[in-house]
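Have a look at the structure below, then the notes.
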Amino acid sequence: MLWAQCDGLDPLFLLGSEKPAAEKAHRENTMNPEYLIADTSDIYSPALVFYRALIRRNIDQTLRIIGDPSRLRPHVKTHKTREIVRMEMDCSITRHKCATIAEAEMLASCGVPDVLLAYPMVGPNQKRFAHLIARYPLTQFKVLADHPIAARSLSNTLQAHGLTASVLLDIDPGLHRTGIPFGDDALDLYRLVHSLPGLRAAGLHIYDGHNHQAQAEERARAAQETFQQVMAFRQRLESQGLPVPSVVLGGTPTFATYARIPGVECSPGTCVLQDHGYHSRYPDLDFIPAALLLTRVVSIPTSNRLTLDLGYKAVASDPPSDRRCTLLNVPGAKIVLQNEEHLVVETDQAGGFKPGDDVYAVPTHICPTCALHKQAYVIEEHRLSDLWDIFSRDRFLNC
Ligand SMILES: Cc1ncc(COP(=O)(O)O)c(C=O)c1O
(Lines give C-alpha, C1' and ligand atoms only; values in the text may rest on other atoms or scores of the structure.)
Protein backbone atom coordinates (compact mmCIF):
# COMPACT_ATOMS: atom_id res chain seq x y z
CA MET A 1 0.00 0.00 0.00
CA LEU A 2 2.94 2.33 0.45
CA TRP A 3 4.28 4.52 -2.28
CA ALA A 4 7.65 4.69 -0.58
CA GLN A 5 9.07 1.73 -2.41
CA CYS A 6 8.60 3.23 -5.83
CA ASP A 7 11.28 1.17 -7.51
CA GLY A 8 8.59 -1.38 -8.13
CA LEU A 9 6.20 1.22 -9.50
CA ASP A 10 3.62 0.17 -12.02
CA PRO A 11 5.24 1.27 -15.32
CA LEU A 12 1.88 2.56 -16.53
CA PHE A 13 2.11 5.30 -13.91
CA LEU A 14 5.54 6.26 -15.13
CA LEU A 15 4.26 6.69 -18.65
CA GLY A 16 2.15 9.57 -17.37
CA SER A 17 -0.65 8.27 -19.57
CA GLU A 18 -3.35 8.28 -16.91
CA LYS A 19 -4.60 11.83 -17.16
CA PRO A 20 -8.30 11.07 -16.57
CA ALA A 21 -7.38 8.73 -13.70
CA ALA A 22 -5.16 11.43 -12.27
CA GLU A 23 -7.95 14.01 -12.41
CA LYS A 24 -10.35 11.55 -10.78
CA ALA A 25 -7.89 10.68 -8.03
CA HIS A 26 -7.34 14.34 -7.49
CA ARG A 27 -11.04 15.11 -7.18
CA GLU A 28 -11.45 12.27 -4.71
CA ASN A 29 -8.43 13.29 -2.62
CA THR A 30 -6.67 10.03 -3.22
CA MET A 31 -3.19 9.57 -4.60
CA ASN A 32 -2.80 11.09 -8.04
CA PRO A 33 -0.33 8.84 -9.84
CA GLU A 34 1.39 11.93 -11.25
CA TYR A 35 2.69 12.68 -7.75
CA LEU A 36 4.63 9.48 -7.32
CA ILE A 37 8.37 9.97 -6.93
CA ALA A 38 10.33 6.99 -8.15
CA ASP A 39 13.27 7.41 -5.77
CA THR A 40 13.02 9.57 -2.66
CA SER A 41 16.37 8.60 -1.19
CA ASP A 42 17.88 12.07 -1.84
CA ILE A 43 14.88 13.98 -0.49
CA TYR A 44 15.30 15.07 3.11
CA SER A 45 12.02 15.34 4.94
CA PRO A 46 9.98 17.31 5.66
CA ALA A 47 10.33 18.49 2.06
CA LEU A 48 8.45 20.94 -0.10
CA VAL A 49 8.03 19.29 -3.50
CA PHE A 50 7.12 21.10 -6.73
CA TYR A 51 5.80 19.25 -9.79
CA ARG A 52 7.05 21.19 -12.80
CA ALA A 53 4.55 19.79 -15.32
CA LEU A 54 1.61 20.50 -13.02
CA ILE A 55 2.81 24.06 -12.42
CA ARG A 56 2.98 24.47 -16.18
CA ARG A 57 -0.51 23.01 -16.50
CA ASN A 58 -1.86 25.52 -13.98
CA ILE A 59 -0.17 28.41 -15.82
CA ASP A 60 -1.68 27.17 -19.11
CA GLN A 61 -5.08 26.90 -17.47
CA THR A 62 -4.85 30.50 -16.21
CA LEU A 63 -3.99 31.64 -19.72
CA ARG A 64 -6.83 29.60 -21.21
CA ILE A 65 -9.27 31.30 -18.85
CA ILE A 66 -8.07 34.86 -19.51
CA GLY A 67 -7.03 34.52 -23.14
CA ASP A 68 -4.60 37.44 -23.13
CA PRO A 69 -1.35 37.27 -21.09
CA SER A 70 -1.14 41.06 -20.96
CA ARG A 71 -4.22 41.05 -18.71
CA LEU A 72 -2.71 38.62 -16.25
CA ARG A 73 -0.77 39.87 -13.23
CA PRO A 74 -0.03 36.77 -11.12
CA HIS A 75 0.75 37.31 -7.44
CA VAL A 76 4.21 35.94 -6.63
CA LYS A 77 3.60 35.63 -2.88
CA THR A 78 2.35 32.06 -3.32
CA HIS A 79 5.73 30.61 -4.37
CA LYS A 80 8.40 33.38 -4.02
CA THR A 81 10.44 31.49 -6.61
CA ARG A 82 12.47 32.85 -9.54
CA GLU A 83 12.04 29.74 -11.64
CA ILE A 84 8.24 29.97 -11.61
CA VAL A 85 8.44 33.66 -12.51
CA ARG A 86 10.60 32.67 -15.48
CA MET A 87 8.11 29.97 -16.52
CA GLU A 88 5.42 32.68 -16.50
CA MET A 89 7.63 35.08 -18.45
CA ASP A 90 8.21 32.34 -21.02
CA CYS A 91 4.42 32.39 -21.47
CA SER A 92 4.55 36.16 -22.22
CA ILE A 93 3.31 37.17 -18.76
CA THR A 94 5.13 40.45 -18.19
CA ARG A 95 3.07 42.02 -15.41
CA HIS A 96 3.46 40.67 -11.90
CA LYS A 97 2.19 41.45 -8.42
CA CYS A 98 3.84 41.07 -5.03
CA ALA A 99 3.37 41.94 -1.36
CA THR A 100 6.90 42.62 -0.08
CA ILE A 101 9.91 44.63 -1.14
CA ALA A 102 11.97 41.41 -1.32
CA GLU A 103 9.43 39.86 -3.71
CA ALA A 104 9.47 43.07 -5.79
CA GLU A 105 13.26 42.94 -5.94
CA MET A 106 13.23 39.26 -6.91
CA LEU A 107 10.79 40.03 -9.76
CA ALA A 108 12.89 42.96 -10.97
CA SER A 109 16.05 40.86 -10.83
CA CYS A 110 14.32 38.30 -13.06
CA GLY A 111 13.81 41.06 -15.63
CA VAL A 112 10.08 41.59 -15.04
CA PRO A 113 9.28 44.95 -16.69
CA ASP A 114 6.13 45.81 -14.68
CA VAL A 115 5.91 45.09 -10.94
CA LEU A 116 2.97 46.05 -8.73
CA LEU A 117 3.96 46.12 -5.07
CA ALA A 118 0.43 45.71 -3.73
CA TYR A 119 1.14 46.88 -0.24
CA PRO A 120 1.04 50.26 1.51
CA MET A 121 4.53 51.74 1.82
CA VAL A 122 4.94 53.44 5.21
CA GLY A 123 7.80 54.46 7.51
CA PRO A 124 11.35 53.50 6.46
CA ASN A 125 9.93 51.13 3.82
CA GLN A 126 9.28 54.23 1.69
CA LYS A 127 13.04 54.81 1.60
CA ARG A 128 13.62 51.14 0.73
CA PHE A 129 11.06 51.44 -2.06
CA ALA A 130 13.01 54.44 -3.42
CA HIS A 131 16.24 52.39 -3.34
CA LEU A 132 14.47 49.61 -5.22
CA ILE A 133 13.32 51.96 -7.99
CA ALA A 134 16.80 53.43 -8.30
CA ARG A 135 18.48 50.01 -8.39
CA TYR A 136 16.25 48.53 -11.14
CA PRO A 137 15.71 51.29 -13.72
CA LEU A 138 14.46 48.83 -16.37
CA THR A 139 11.45 47.86 -14.23
CA GLN A 140 8.40 50.04 -13.87
CA PHE A 141 7.26 49.83 -10.23
CA LYS A 142 3.71 50.52 -9.11
CA VAL A 143 2.56 50.79 -5.53
CA LEU A 144 -0.69 51.35 -3.60
CA ALA A 145 -2.02 54.33 -1.69
CA ASP A 146 -5.08 54.40 0.57
CA HIS A 147 -4.35 57.40 2.85
CA PRO A 148 -3.36 61.01 2.20
CA ILE A 149 -0.68 61.02 4.95
CA ALA A 150 1.16 58.04 3.47
CA ALA A 151 0.72 59.40 -0.07
CA ARG A 152 2.21 62.78 0.88
CA SER A 153 5.20 61.27 2.66
CA LEU A 154 5.84 58.84 -0.22
CA SER A 155 5.77 61.81 -2.57
CA ASN A 156 8.32 63.63 -0.36
CA THR A 157 10.59 60.57 -0.17
CA LEU A 158 10.56 59.93 -3.90
CA GLN A 159 11.07 63.59 -4.69
CA ALA A 160 14.07 63.70 -2.33
CA HIS A 161 15.57 60.84 -4.38
CA GLY A 162 14.63 62.44 -7.72
CA LEU A 163 12.33 59.51 -8.52
CA THR A 164 8.76 58.94 -9.70
CA ALA A 165 6.49 55.92 -9.16
CA SER A 166 3.09 54.92 -10.43
CA VAL A 167 0.45 54.69 -7.73
CA LEU A 168 -2.80 52.72 -7.80
CA LEU A 169 -5.57 53.81 -5.45
CA ASP A 170 -6.30 50.84 -3.19
CA ILE A 171 -10.08 50.49 -3.00
CA ASP A 172 -11.74 48.58 -0.15
CA PRO A 173 -14.58 46.64 -1.80
CA GLY A 174 -15.76 45.13 1.52
CA LEU A 175 -12.88 43.04 2.85
CA HIS A 176 -11.92 45.88 5.24
CA ARG A 177 -8.23 44.97 5.30
CA THR A 178 -6.67 47.90 3.46
CA GLY A 179 -8.07 50.40 1.01
CA ILE A 180 -10.50 53.27 0.95
CA PRO A 181 -14.21 52.77 0.23
CA PHE A 182 -15.75 54.01 -3.03
CA GLY A 183 -16.91 57.60 -2.55
CA ASP A 184 -15.87 61.23 -2.15
CA ASP A 185 -12.80 60.54 0.04
CA ALA A 186 -11.50 58.06 -2.55
CA LEU A 187 -12.04 60.60 -5.30
CA ASP A 188 -10.21 63.29 -3.30
CA LEU A 189 -7.32 60.91 -2.61
CA TYR A 190 -7.00 59.99 -6.29
CA ARG A 191 -6.96 63.69 -7.18
CA LEU A 192 -4.28 64.27 -4.51
CA VAL A 193 -2.10 61.44 -5.87
CA HIS A 194 -2.59 62.88 -9.37
CA SER A 195 -1.31 66.26 -8.16
CA LEU A 196 1.64 65.20 -5.98
CA PRO A 197 5.18 65.40 -7.39
CA GLY A 198 6.94 62.05 -7.60
CA LEU A 199 3.62 60.17 -7.93
CA ARG A 200 1.76 59.21 -11.08
CA ALA A 201 -1.92 58.26 -10.62
CA ALA A 202 -2.06 54.97 -12.50
CA GLY A 203 -5.46 53.47 -11.75
CA LEU A 204 -7.32 51.33 -9.24
CA HIS A 205 -6.47 48.22 -7.23
CA ILE A 206 -9.27 46.11 -5.76
CA TYR A 207 -8.70 42.89 -3.80
CA ASP A 208 -11.98 41.15 -3.00
CA GLY A 209 -10.90 38.38 -0.63
CA HIS A 210 -14.38 38.56 0.99
CA ASN A 211 -15.92 37.21 -2.23
CA HIS A 212 -15.22 33.62 -1.21
CA GLN A 213 -18.67 32.05 -1.49
CA ALA A 214 -18.47 28.28 -1.96
CA GLN A 215 -21.22 28.34 -4.61
CA ALA A 216 -19.68 29.38 -7.92
CA GLU A 217 -22.79 31.29 -9.11
CA GLU A 218 -23.08 33.20 -5.85
CA ARG A 219 -19.40 34.11 -5.99
CA ALA A 220 -19.70 35.22 -9.62
CA ARG A 221 -22.71 37.39 -8.73
CA ALA A 222 -20.81 39.03 -5.86
CA ALA A 223 -17.83 39.67 -8.14
CA GLN A 224 -20.10 41.21 -10.77
CA GLU A 225 -21.51 43.57 -8.13
CA THR A 226 -17.99 44.55 -7.07
CA PHE A 227 -17.11 45.17 -10.69
CA GLN A 228 -20.19 47.38 -11.27
CA GLN A 229 -19.07 49.57 -8.37
CA VAL A 230 -15.54 49.74 -9.77
CA MET A 231 -16.81 50.82 -13.19
CA ALA A 232 -19.14 53.47 -11.74
CA PHE A 233 -16.27 54.89 -9.69
CA ARG A 234 -13.88 54.79 -12.63
CA GLN A 235 -16.39 56.76 -14.75
CA ARG A 236 -16.74 59.29 -11.95
CA LEU A 237 -12.97 59.83 -11.86
CA GLU A 238 -12.72 60.09 -15.63
CA SER A 239 -15.64 62.52 -15.82
CA GLN A 240 -13.57 64.83 -13.59
CA GLY A 241 -10.62 64.68 -15.94
CA LEU A 242 -8.66 62.12 -13.88
CA PRO A 243 -7.21 59.38 -16.09
CA VAL A 244 -7.55 55.76 -14.89
CA PRO A 245 -5.17 53.81 -17.10
CA SER A 246 -5.45 50.48 -15.27
CA VAL A 247 -7.70 48.44 -13.00
CA VAL A 248 -6.24 45.41 -11.15
CA LEU A 249 -8.77 43.05 -9.65
CA GLY A 250 -9.06 40.02 -7.38
CA GLY A 251 -7.40 36.71 -6.61
CA THR A 252 -8.11 33.09 -7.56
CA PRO A 253 -11.74 32.57 -6.37
CA THR A 254 -13.18 35.36 -8.58
CA PHE A 255 -10.61 35.07 -11.35
CA ALA A 256 -12.91 33.39 -13.87
CA THR A 257 -15.45 36.22 -13.53
CA TYR A 258 -13.03 39.12 -13.87
CA ALA A 259 -11.12 37.34 -16.64
CA ARG A 260 -14.20 37.72 -18.86
CA ILE A 261 -14.19 41.52 -18.55
CA PRO A 262 -12.09 43.17 -21.24
CA GLY A 263 -9.66 45.86 -20.15
CA VAL A 264 -9.07 44.77 -16.55
CA GLU A 265 -6.03 43.00 -15.14
CA CYS A 266 -6.49 39.92 -12.96
CA SER A 267 -4.14 39.00 -10.12
CA PRO A 268 -4.64 35.41 -8.98
CA GLY A 269 -1.85 33.97 -6.83
CA THR A 270 -2.65 30.61 -5.28
CA CYS A 271 -3.77 28.82 -8.45
CA VAL A 272 -0.24 28.38 -9.84
CA LEU A 273 0.46 25.89 -7.04
CA GLN A 274 -3.14 25.39 -5.87
CA ASP A 275 -3.80 23.89 -2.45
CA HIS A 276 -6.24 21.66 -0.66
CA GLY A 277 -8.08 24.62 0.88
CA TYR A 278 -9.03 26.13 -2.49
CA HIS A 279 -9.42 22.77 -4.15
CA SER A 280 -11.97 21.50 -1.64
CA ARG A 281 -13.83 24.79 -1.30
CA TYR A 282 -13.95 25.73 -4.99
CA PRO A 283 -14.37 22.58 -7.09
CA ASP A 284 -15.36 24.86 -9.98
CA LEU A 285 -11.73 26.04 -10.26
CA ASP A 286 -9.93 23.74 -12.60
CA PHE A 287 -6.46 23.86 -11.06
CA ILE A 288 -4.43 20.98 -9.68
CA PRO A 289 -2.26 20.99 -6.55
CA ALA A 290 1.27 21.24 -7.94
CA ALA A 291 3.12 21.41 -4.63
CA LEU A 292 3.08 18.75 -1.94
CA LEU A 293 4.98 17.98 1.22
CA LEU A 294 6.93 14.78 1.43
CA THR A 295 6.95 13.70 5.05
CA ARG A 296 7.99 10.45 6.73
CA VAL A 297 6.79 8.21 9.48
CA VAL A 298 9.14 8.91 12.39
CA SER A 299 7.28 6.93 15.06
CA ILE A 300 4.33 4.60 15.53
CA PRO A 301 3.41 5.38 19.14
CA THR A 302 0.23 3.25 19.30
CA SER A 303 -1.37 0.63 17.10
CA ASN A 304 -3.60 3.23 15.45
CA ARG A 305 -1.25 6.23 15.39
CA LEU A 306 1.45 7.42 13.01
CA THR A 307 3.76 10.30 13.85
CA LEU A 308 5.16 12.22 10.87
CA ASP A 309 7.91 14.84 10.62
CA LEU A 310 5.41 17.50 9.59
CA GLY A 311 5.05 19.97 12.42
CA TYR A 312 3.78 23.49 12.06
CA LYS A 313 7.29 24.64 11.18
CA ALA A 314 6.84 22.77 7.89
CA VAL A 315 3.18 23.30 6.99
CA ALA A 316 1.12 26.46 7.36
CA SER A 317 -0.70 26.63 10.68
CA ASP A 318 -3.35 29.19 9.80
CA PRO A 319 -5.99 26.52 8.99
CA PRO A 320 -7.71 24.86 11.99
CA SER A 321 -5.36 22.44 13.80
CA ASP A 322 -7.04 19.27 12.48
CA ARG A 323 -7.07 20.52 8.86
CA ARG A 324 -3.57 21.69 8.02
CA CYS A 325 -2.97 19.07 5.36
CA THR A 326 -4.46 16.00 3.72
CA LEU A 327 -2.45 12.78 3.57
CA LEU A 328 -2.90 11.27 0.14
CA ASN A 329 -1.57 7.79 0.81
CA VAL A 330 -3.15 7.50 4.26
CA PRO A 331 -6.73 8.27 3.20
CA GLY A 332 -9.07 9.18 6.04
CA ALA A 333 -6.23 9.78 8.53
CA LYS A 334 -7.38 12.07 11.33
CA ILE A 335 -4.98 14.70 12.64
CA VAL A 336 -5.03 14.50 16.44
CA LEU A 337 -1.93 16.46 17.46
CA GLN A 338 0.58 18.81 15.88
CA ASN A 339 3.67 20.29 17.51
CA GLU A 340 6.58 22.21 16.05
CA GLU A 341 8.14 19.19 14.32
CA HIS A 342 5.53 16.43 14.77
CA LEU A 343 2.19 15.60 13.21
CA VAL A 344 0.26 12.77 14.86
CA VAL A 345 -2.58 11.10 12.96
CA GLU A 346 -4.99 8.34 13.88
CA THR A 347 -5.65 5.76 11.21
CA ASP A 348 -6.72 2.14 11.13
CA GLN A 349 -4.03 1.65 8.46
CA ALA A 350 -1.16 2.35 10.91
CA GLY A 351 -0.20 -1.33 10.94
CA GLY A 352 0.72 -1.10 7.24
CA PHE A 353 3.43 1.50 7.88
CA LYS A 354 6.92 1.36 9.29
CA PRO A 355 9.38 4.07 10.36
CA GLY A 356 10.90 5.81 7.33
CA ASP A 357 7.91 5.29 5.03
CA ASP A 358 7.04 8.22 2.77
CA VAL A 359 3.76 10.07 3.14
CA TYR A 360 2.55 12.59 0.56
CA ALA A 361 0.63 15.53 2.04
CA VAL A 362 -1.29 18.32 0.29
CA PRO A 363 -1.08 21.49 2.37
CA THR A 364 -4.36 23.24 3.06
CA HIS A 365 -2.69 26.64 2.56
CA ILE A 366 0.29 26.58 0.22
CA CYS A 367 1.42 30.24 0.36
CA PRO A 368 2.66 30.35 3.97
CA THR A 369 3.81 26.73 3.62
CA CYS A 370 6.28 27.70 0.88
CA ALA A 371 7.70 30.45 3.07
CA LEU A 372 8.59 27.84 5.71
CA HIS A 373 10.99 26.09 3.32
CA LYS A 374 14.36 27.31 2.03
CA GLN A 375 14.14 25.19 -1.10
CA ALA A 376 11.69 23.14 -3.11
CA TYR A 377 12.60 19.76 -4.59
CA VAL A 378 11.47 19.78 -8.21
CA ILE A 379 10.04 16.63 -9.72
CA GLU A 380 9.82 15.92 -13.44
CA GLU A 381 8.71 12.62 -14.91
CA HIS A 382 8.55 11.15 -11.38
CA ARG A 383 12.21 11.92 -10.71
CA LEU A 384 14.03 14.58 -8.73
CA SER A 385 15.32 17.04 -11.34
CA ASP A 386 16.24 20.26 -9.55
CA LEU A 387 16.23 22.33 -6.37
CA TRP A 388 14.63 25.78 -6.47
CA ASP A 389 15.24 28.41 -3.81
CA ILE A 390 12.20 29.97 -2.20
CA PHE A 391 14.19 33.04 -2.96
CA SER A 392 12.19 35.91 -1.54
CA ARG A 393 11.23 34.19 1.71
CA ASP A 394 14.07 36.32 3.07
CA ARG A 395 12.72 39.76 3.87
CA PHE A 396 15.90 41.46 2.58
CA LEU A 397 17.75 40.84 -0.64
CA ASN A 398 19.69 44.02 -1.45
CA CYS A 399 17.18 46.81 -0.91
C1 LIG B 1 -3.76 41.91 -2.74
C2 LIG B 1 -3.88 40.49 -3.20
N3 LIG B 1 -4.00 40.24 -4.49
C4 LIG B 1 -4.09 38.98 -4.97
C5 LIG B 1 -4.06 37.90 -4.11
C6 LIG B 1 -4.12 36.51 -4.67
O7 LIG B 1 -5.23 35.84 -4.20
P8 LIG B 1 -5.35 34.24 -4.27
O9 LIG B 1 -4.38 33.74 -3.29
O10 LIG B 1 -6.76 33.99 -3.92
O11 LIG B 1 -5.03 33.84 -5.64
C12 LIG B 1 -3.94 38.13 -2.73
C13 LIG B 1 -3.94 37.01 -1.77
O14 LIG B 1 -3.73 37.12 -0.61
C15 LIG B 1 -3.84 39.45 -2.26
O16 LIG B 1 -3.71 39.74 -0.96
Determine whether the stretch 274-292 contains at least one residue that is farther than 30 Å from residue 37 by Cα, within 13 Å of the chain's Cα centre (by Cα), within 11 Å of the ligand (Cβ to nearest atom) and surrounded by 22 or more Cβ atoms within 10 Å (Cβ to Cβ). no
Condition met for residue 189 (over 23 Å from residue 274 (Cα atoms), more than 16 Å from the ligand (Cβ to nearest atom), surrounded by 14 or more Cβ atoms within 10 Å (Cβ to Cβ) and of a type outside the set (Phe, Trp, Tyr)): yes
Does at least one position in the stretch 364-385 carry a residue that is in a strand (DSSP E or B) and over 24 Å from the mean Cα position of the chain (by Cα)? yes
Single match in 173, 137 (criterion: buried (at least 18 other Cβ atoms within 10 Å of the Cβ), in a loop (DSSP other than H, G, I, E, B) and of a type outside the set (S, T, N, Q)): 173
Kindly indicate whether residue 47 is surrounded by 18 or more Cβ atoms within 10 Å (Cβ to Cβ), outside the structural domain of residue 159 (by TED's automatic domain parsing) and either over 30 Å from residue 160 (Cα atoms) or in contact with a strand residue (DSSP E or B) (Cβ under 8 Å, 6 or more places away or on another chain) (or both). yes
Residue 118: passes all of (1) more than 16 Å from the ligand (Cβ to nearest atom); (2) aliphatic (A, V, I, L, M); (3) touching a residue at least 12 places away in the same chain (Cβ under 8 Å) but (1)
Residue set 82, 86, 73; condition more than 16 Å from the ligand (Cβ to nearest atom), closer than 23 Å to residue 370 by Cβ and under 14 Å from the mean Cα position of the chain (by Cα); output residue 82
On the basis of being closer than 23 Å to residue 186 by Cβ and within 16 Å of the ligand (Cβ to nearest atom), does residue 199 make the cut? no
Residue count, the stretch 60-93 (criterion: farther than 18 Å from residue 205 by Cβ and of a type in the set (Lys, Arg)): 4
With 222, 216, 256, 232 as the choices, which residue is assigned by TED's automatic domain parsing to the domain that holds residue 117, within 19 Å of residue 184 (Cβ to Cβ) and either touching a Pro at 6+ places or on another chain (Cβ under 7 Å) or more than 10 Å from the ligand (Cβ to nearest atom) (or both)? 232
Tell me, yes or no, whether the stretch 73-84 has at least one residue that is more than 18 Å from residue 391 (Cβ to Cβ) and surrounded by fewer than 21 Cβ atoms within 10 Å (Cβ to Cβ). no
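The values are calculated or read from the model by the stated rules, or taken from the named source; none is laboratory data. Values in this document were obtained by computation on a predicted structure and should not be read as measured data. Here Cβ is always computed from backbone atoms with ideal geometry, including for glycine, and neighbour counts include all displayed protein chains.
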